[in-house]
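The values are calculated or read from the model by the stated rules, or taken from the named source; none is laboratory data. Just so it is clear, the structure is predicted and the values come from calculations on it, not from any experiment. Glycine also receives a Cβ, built like all others from the backbone with ideal geometry; neighbour counts cover every protein chain displayed. These area figures cover heavy atoms from the full protein model, side chains too; ligands, DNA and RNA do not enter into them. Shrake-Rupley method; radii C 1.70, N 1.55, O 1.52, S 1.80 Å.
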Amino acid sequence: MEEKFWLDKWERNDIGFHEEMGNPMLAKYFQKLSLARGSRLLLPLCGKTGDIAWLKSREYAIAGVELSEIAVQQLFEALGLTPRIKVINELKRYSAENIDVFVGDILALKAQVLGPVDAIYDRAALVALPEDMRSQYTQHLMAITKIAPQLLIAFEYEQSQLAGPPFSISSEQVFDYYLADYHLKMLGSRDIPGGLKGLVPAREVAWLLSRR
Ligand SMILES: C[S@@+](CC[C@H](N)C(=O)[O-])C[C@H]1O[C@@H](n2cnc3c(N)ncnc32)[C@H](O)[C@@H]1O
């Protein structure tokens, strides 16, 4: 997907993927990451997800990365936080207590700029990227986090029935991207009520990725 595709979506407020109240699978499976309070989580391609408020209210620290500055402004507004804003090379960093969100392409985020993270929470990030970008994304994500454990939430559906994004990610694809570096466990799945975009039967699948 071109950057413009996503920036235009945020301009038009065409954000059907956004879950104001957060994702139910986060609440269900978060404890599988076994993180101590105060741990820092990276949310790649974070949009303005309600998951951030859920995590912050439980005293976890957040690092997010998002292309759209509109999304990041709206996120800080929703959290009731006034950001400190700093330009760091091609990125902008919006920060407040226990939260840093980088505005720009995740591929431009370097490990030293991100800082240490204890885990990754990927909801609708891997599935947002077309196949030809995914290996670069997964390799980069592992490189900047030293292969931090992940809770990954992906969609599975019959790809021929709908053009992504979100794209369908099969178990085989999850293995292809991550099996060399992580132990993979499918934690569970749920049918999307009414189907994806109300059109195609689909399920949301939660995976736990633990460093080998
Ligand atoms: C499907 S949305 C998911 C957002 C969020 N994870 C959620 O659950 O609501 C994908 C998001 O990734 C952002 N995005 C797409 N490509 C990106 C990139 N290369 N770097 C950073 N963010 C990106 C888009 O602007 C969009 O907000």
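If you go through region 17-76 one residue at a time, how many are under 16 Å from Asp118 (Cα atoms), in contact (Cβ under 8 Å) with a residue 40 or more places away in the chain and of a type in the set (Lys, Arg)?
Residues in region 17-76 being under 16 Å from Asp118 (Cα atoms), in contact (Cβ under 8 Å) with a residue 40 or more places away in the chain and of a type in the set (Lys, Arg): 3 in total.
Give the residue that is nearest to Ala53 (Cα to Cα), with candidates limited to residues of region 83-110 that are aliphatic (A, V, I, L, M) and open to solvent by 40 Å² or more (accessible area, probe 1.4 Å).
By that ranking, first place goes to Ile85.
Just the residues that are in contact with a Lys or Arg (Cβ under 7 Å, 6 or more places away or on another chain), away from the ligand (no atom under 15 Å from the Cβ) and of a type outside the set (Gly, Ala, Ser), please, taken from region 73-98.
Result: Ile85, Lys86, Asn98.
Sort out which residues of region 179-197 are open to solvent by less than 50 Å² (accessible area, probe 1.4 Å) and closer than 24 Å to Ser135 by Cβ, and write them in order of number.
Within region 179-197, Asp181, Tyr182, Leu184, Leu187, Leu196 meet the criteria.
Considering only residues that are more than 24 Å from Leu209 (Cα to Cα) and of a type in the set (D, E, K, R), which ones fall in region 1-39?
Within region 1-39, Glu2, Glu3, Lys4, Asp8, Lys9, Glu11, Arg12, Asp14, Glu20 qualify.
Within the group Val113, Val72, Val127, Val103, which residue is modelled with pLDDT of 95 or more, of a type in the set (Val, Ile, Thr), under 26 Å from Leu35 (Cβ atoms) and in contact with a helix residue (DSSP H, G or I) (Cβ under 8 Å, 6 or more places away or on another chain)?
Val103
Does Lys4 satisfy being exposed (fewer than 14 other Cβ atoms within 10 Å of the Cβ), closer than 20 Å to Asp191 by Cα and not aliphatic (A, V, I, L, M)?
no
Scan region 151-178 residue by residue and report those that are of a type in the set (Phe, Trp, Tyr) and either more than 15 Å from Arg203 (Cβ to Cβ) or open to solvent by 40 Å² or more (accessible area, probe 1.4 Å) (or both).
The answer is Phe175, Tyr177, Tyr178.
Name every residue in region 15-70 that is over 17 Å from Asp122 (Cβ atoms), within 11 Å of the ligand (Cβ to nearest atom) and open to solvent by 60 Å² or more (accessible area, probe 1.4 Å), in order of residue number.
Listed by number, the residues that qualify are Gly16, Glu20.
Taking the condition of being open to solvent by less than 20 Å² (accessible area, probe 1.4 Å) and β-branched (Val, Ile, Thr), how many residues in region 71-82 meet it?
Total meeting the criteria: 1.
So how many residues does region 124-150 have that are at negative phi and open to solvent by 40 Å² or more (accessible area, probe 1.4 Å)?
So the answer is 7.
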